[in-house]
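Step one of this worksheet: look at the structure below.
The values are calculated or read from the model by the stated rules, or taken from the named source; none is laboratory data. Everything numeric here is computed off the predicted structure, so don't read it as measured data. A quick note on method: Cβ atoms are made from the backbone with ideal geometry, for glycine too, and the neighbour counts reach across all protein chains shown.
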Amino acid sequence: MGGQPDREEMLLEVKDLKKYFPIRSGFFRKTVGYVKAVDGVSFYIKRGETFGLVGESGCGKSTTGRCILRLIEPTSGEVIFHDENAGPLHVERLEKRQMRALRRNMQIVFQDPYSSLNPRLTLQQIVGEPLVVNRIARGGELQDRVAGLLKAVGLRSEYMDRYPHAFSGGQRQRISLARALALNPKFIVADEPVSALDVSVQAQVLNLMESLQEEFNLTYLFIAHDLSVIEHISDRVAVMYVGKLVESAKTEDLFLNPRHPYTEALMSAVPKPDPRARSERILLTGEVANPANPPSGCYFHPRCRYAAEMCKVEHPILREIAAGHFVSCLRAEELRLRGILRQS
Amino acid sequence: MEQDEVLRVEELHTYFYTQEGVVRAVDGASFTVKRGEVLGVVGESGCGKSVAALSILRIVPPPGKIIGGRILYQRHLGADRNQGISEVLDLAELHPRSGQMREIRGGEISMVFQEPMTSLDPVYTIGDQIMEAITLHQKVDRREARKRAIEMLDQVGMPQPGRIIDGYPHQLSGGMRQRVMIATALSCRPALLIADEPTTALDVTTEAQILDLMRNLQQQMGTAIMYITHNLGVIAEMCDDVVVMYLGKVVEQADVDAIFYDPRHPYTQALLRSIPRLGEKTKRKLEPIKGIVPDPYAIPKGCSFWPRCLHFISGLCDQVQPEPVHVVPNHAVRCHLYKQESR
């Protein structure tokens with residue numbers, strides 16, 4: 001891959017990551033097939049950037065995030081974390097104890113702030129737990145650290161003894177962020193962190209994530225289905241479809257000049273908040289392919305309006321079509337696709 | 001009531017009497033739906049938009065109660081729902097289980113809910129559920145009902161409707177289930193369709209299909225739609241008129257162009273500034289609305305938006321409830337900023 005940055009810049013590399021879930025059936029729970037949730041995904045994330053991963057439900061974006069942290073064990077592939085001190089670490093090969101140490105550097109924020117916080121614990125216990133588990137702080141110091149973390153995410157330290165039920169969705173997401181930040185991580189997987197929130201609160205959390213990124217020098221893998229959120233927050237974006245990356249590029253390049261028909265259709269499908277721009281939308285026919293039984297050739301071909309004969313048989317591979325712009329479409333060179341019109 | 005109005009809600013109050021206190025879910029909401037047009041109702045969670053819809057159909061679950069206001073529904077007697085001699089009924093006056101209300105609910109005013117996964121009964125076939133609506137409201141036998149059900153499924157773009165009709169909901173995807181819901185709701189050719197976040201649970205590409213379908217059917221059948229959503233993009237794509245709700249009140253009502261290009265209420269303005277928009281990537285900071293939607297048990301005195309408002313006037317906004325003011329014809333705002341101008 002020519003557009004790849006050097007080792008210095010890179011924080012995380014994912015190479016040919018696969019996660020197949022077995023489908024079992026019958027009395028002996030025989031494996032009758034596999035759901036290819038993640039099917040050979042490769043990308044890299046640079047230090048300090050926000051890498052957006054976007055796709056529709058079931059495309060494998062969350063599974064990818066979880067495989068990176070090994071919350072789910074990947075079936076195969078490599079995940080390389082470039083530690084400043086220890087050098088490149090093969091996450092998928094680490095043993096339990098090494099993994100625990102690495103988790104200090106990699107954290108996750110989940111989508112649903114109502115189910116990701118234990119209702120029986122106070123904020124101090126929730127946010128302080130990582131510090132206690134890793135034997136970093138206790139007693140008065142622990143309290144100070146928790147107070148500092150709550151402050152960093154815009155909550156008052158007096159709230160420390162309250163329980164999660166006393167907080168709104170947006171505030172709970174702040175608590176989740178405080179917990180993720182407790183160990184001073186370098187990398188955070190944010191799995192749909194704002195999709196359960198009201199529009200007016202979404203903006204607060206997005207702004208907070210941006211300022212925390214600057215303050216703590218964070219790198220984000222930002223997983224979302226909402227393209228406008230992804231465009232706003234990401235430096236680079238990857239689009240997934242049925243377990244595969246179909247396109248990845250710098251945010252501007254991807255949105256102005258998409259090279260994969262799926263990206264084009266996805267962008268055109270988003271309802272725009274402008275009644276004067278009721279656009280001619282590209283309506284995809286049919287539905288997202290079943291990852292247990294994907295179509296032949298390019299997985300997108302049954303819904304693609306540009307599909308040719310070869311698309312039915314040949315598997316496209318992700319290739320670099322312009323500097324830093326990767327696409328997996330056989331016809332990428334010849335197609336002229338419509339991006340988002342820039343509004344001044 | 002004007003001839004071209006199908007529904008006029010006046011000062012509707014729906015309260016929930018819970019042990020912790022009274023939740024004023026809808027607290028003096030007024031709006032009208034014109035015949036054959038799409039009215040968008042937009043607001044954040046807890047603003048009362050769904051409860052307003054349930055009130056119209058008189059299916060507010062206990063401990064909720066309509067305690068004031070009128071829900072005027074103008075129906076046309078005769079076969080065509082949009083023409084002929086008309087009468088006006090106050091739905092708030094009718095008993096929820098009265099014959100008249102049952103006739104209207106599902107027959108003349110029908111509803112599509114947010115969750116297509118839960119709003120269909122898993123133990124009945126698709127056909128049973130559509131045919132139930134048809135046989136309840138039209139004098140037809142089962143064979144005729146089945147024929148109509150298949151026609152409806154075909155109209156909502158269901159592939160192989162003759163086969164699907166004997167299938168069960170679990171065999172369908174979310175988008176397909178929502179098509180079934182729409183087919184059921186439209187099977188009796190209602191005068192008004194209430195759609196409560198019908199595409200929120202769906203993916204964007206499926207959402208685009210459903211929005212397109214609803215627009216086409218609406219134009220073909222002349223059904224008026226009350227479209228409830230929190231998504232401003234969907235509002236812009238679908239609606240003719242828009243009502244913005246905040247904490248049980250309508251804070252602004254105007255046509256869709258005015259809402260997006262000339263919003264007057266500080267809440268509407270703030271809402272429009274707070275959303276990220278495609279094609280505006282400048283790494284600019286979003287402008288969030290400060291604070292959070294207040295607790296429903298402790299709605300602020302005066303204008304309920306004042307603690308979050310950028311134009312807050314101390315001593316006025318936190319004391320006096322603003323009344324709706326028409327800044328221009330057909331553009332009403334509930335805000336003290338405009339009181340002086342209109343006088």
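Brief remarks follow.
- Selection status of B:Gly291, free of Cβ contacts under 8 Å to residues at least 60 places away in the same chain, among the small types (Gly, Ala, Ser), within 24 Å of A:Leu283 (Cβ to Cβ) and not assigned by TED's automatic domain parsing to the domain that holds B:Gly28: no
- When the range A:86-118 is filtered for residues that are part of a strand (DSSP E or B) and touching a residue at least 40 places away in the same chain (Cβ under 8 Å), the ones remaining, listed by number, are A:Pro88, A:Met106, A:Gln107, A:Ile108, A:Val109.
- Matching entry among A:Thr63, A:Thr50 (being more than 14 Å from chain B (Cβ to nearest Cβ) and crowded, with 16+ Cβ neighbours inside 10 Å): A:Thr63
- Close pairs from the range A:159-171: first in a helix (DSSP H, G or I), partner of a type in the set (Gly, Ala, Ser) and surrounded by 17 or more Cβ atoms within 10 Å (Cβ to Cβ), Cβ under 8 Å, at least 6 apart: A:Met160/A:Ala147; A:Gly169/A:Ala196
- Hey, A:Val199 out of contact with any strand residue (DSSP E or B) (no Cβ under 6 Å at 6 or more places or on another chain), among the aliphatic types (A, V, I, L, M) and crowded, with 20+ Cβ neighbours inside 10 Å or not: yes
- Within the option set A:Phe222, A:Phe187, being more than 12 Å from chain B (Cβ to nearest Cβ), modelled with pLDDT of 95 or more and within 27 Å of A:Phe300 (Cβ to Cβ) holds for one residue only, A:Phe222.
- Members of the range A:198-209 found to be more than 7 Å from chain B (Cβ to nearest Cβ) and more than 16 Å from A:Ala178 (Cβ to Cβ), listed by number: A:Gln202
- Positions within the range A:202-222 being out of contact with any strand residue (DSSP E or B) (no Cβ under 8 Å at 6 or more places or on another chain) and either at positive phi or surrounded by fewer than 23 Cβ atoms within 10 Å (Cβ to Cβ) (or both), in sequence order: A:Leu206, A:Asn207, A:Leu208, A:Glu210, A:Ser211, A:Leu212, A:Glu214, A:Glu215, A:Phe216, A:Asn217
- Entry remark, the range A:240-262: residues being surrounded by fewer than 21 Cβ atoms within 10 Å (Cβ to Cβ) and facing chain B (nearest Cβ under 8 Å) number 2 in total.
- Residues considered: B:Gly78, B:Gly40, B:Gly84, B:Gly69. Of these, the only one that is under 30 Å from B:Leu217 (Cα atoms), in a strand (DSSP E or B) and either modelled with pLDDT under 90 or among the small types (Gly, Ala, Ser) (or both) is B:Gly40.
- Within the range B:146-180, restricting attention to residues that are among the small types (Gly, Ala, Ser) and under 28 Å from the mean Cα position of the chain (by Cα), the residue that is nearest to B:Leu213 (Cα to Cα) is B:Gly157.
- Filter result for B:Thr184 (of a type in the set (Ser, Thr, Tyr) and assigned to a helix (DSSP H, G or I)): yes
- Condition broken by A:Ala265, with the remaining ones in (1) touching a residue at least 60 places away in the same chain (Cβ under 8 Å); (2) at the interface with chain B (Cβ under 10 Å from one of its Cβ atoms); (3) buried (at least 23 other Cβ atoms within 10 Å of the Cβ); (4) over 19 Å from the mean Cα position of the chain (by Cα) satisfied: (1)
- Check on B:Val251, among the β-branched types (Val, Ile, Thr), over 29 Å from B:Met226 (Cβ atoms) and either more than 9 Å from chain A (Cβ to nearest Cβ) or surrounded by 23 or more Cβ atoms within 10 Å (Cβ to Cβ) (or both): no
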